[in-house]
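Asker: First the structure, then my questions, so here it is.
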Amino acid sequence: MKNRTFSLVAIGIALVLISILQARDSFPWDEQNCPSCDSFGIQRLDKLKAPSFSLKGLDGKKLALKDIKGNPIILTFWATWCAPCREELPTLERFAEGKKDQLTILTMAIDGENKSKVRRFVDENKINLTVLLDEKEQIARTYRVRMVPTTILINREGVMIGAIMGQRDWSVPEAWLAIRELLGLH
C-alpha cells in the first residue's frame, strides 16, 4: 500500500514538473538578448520560420503572410476585451508613423466573430494599422500565443526572432532602438 501511494505521489510530482517545463518552453527563447531588446522587454527567439497564414482584414481584403515576404514584420495579437491591449494599440499606431517604408505592422484581433466590436474600437481610436481577424484564434494557437497582447517580430527572411509578451508603451525611444537593432533597420 505504501509503495503504491509513493508511486502515485511520484507520478503526480512528475506531471507537475512536466507542466512547468512545457509552460516555460511555450516559446523557444534564445539566451542571447541584446541590450536594447532587454530595455524594451523583447525576448529573443530561436530562429524558427514564421507559420504561414491567410486571413481577412477588417477592410474585407484577404492578406497572406507570403504577400509581405521580404519585409520585417511586427505582428501583434490583441483583443477588444483586453484592457492592456486597448492601451497599447494606440501607442503602436503612433510608433508606426513614418516607418511603413521600413517594416510592416500587422495586428491580429482575436475577438472571435465579433467584428463590430473590433471595428468600433479601431474607429474610436483612429487606428490605421492593418487589422486581421483571427475569428477562431487558430493563428494565435499556431503562434503559441498564451496571452494578449503578444507581439512576434519576424525578420526579412520570414523567421521569428523576437517576442514581447504583455503590454508595452511603443512611444518610448527604447521601442524604436530595439526594433531597429533586432530587425536590422536604419
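Asker: Of all residues in the stretch 72-120, count the ones that are polar (S, T, N, Q), exposed (fewer than 15 other Cβ atoms within 10 Å of the Cβ) and more than 24 Å from W176 (Cα to Cα).
Answerer: Of the residues in the stretch 72-120, the ones polar (S, T, N, Q) are 76, 80, 91, 102, 104, 107, 114, 116.
From what is left, the residues that are exposed (fewer than 15 other Cβ atoms within 10 Å of the Cβ) are 102, 116.
This time we only want the ones that are more than 24 Å from W176 (Cα to Cα), so: 116.
Result for the stretch 72-120: 1.
Asker: Which one is nearest to the chain's Cα centre (by Cα), of the residues in the stretch 150-186 that are under 19 Å from E97 (Cβ atoms) and part of a loop (DSSP other than H, G, I, E, B)?
Answerer: Of everything passing the filter in the stretch 150-186, R168 is nearest to the chain's Cα centre (by Cα).
Asker: If you go through the stretch 143-156 one residue at a time, do you hit one that is farther than 23 Å from S54 by Cβ and among the aliphatic types (A, V, I, L, M)?
Answerer: Scanning the stretch 143-156 turns up at least one residue that is farther than 23 Å from S54 by Cβ and among the aliphatic types (A, V, I, L, M).
Asker: Also, quick follow-up: So which strands (runs of 3 or more DSSP E) are wholly in the stretch 1-80 and hold at least 2 residues that are modelled with pLDDT of 95 or more? Reasoning before the result, please.
Answerer: Working: elements: 43-49, 54-56, 62-64, 73-78.
It comes to 54-56, 62-64, 73-78.
Asker: Please state which of the following conditions I179 fails to meet, knowing it meets all the rest: (1) surrounded by fewer than 17 Cβ atoms within 10 Å (Cβ to Cβ); (2) in contact (Cβ under 8 Å) with a residue 12 or more places away in the chain.
Answerer: Failed condition: (1).
The values are calculated or read from the model by the stated rules, or taken from the named source; none is laboratory data. What you see is a predicted model; the values in this text were computed from it and never measured. Note that each Cβ is placed from the backbone with ideal geometry, even for glycine, and that neighbours are counted across all protein chains shown.
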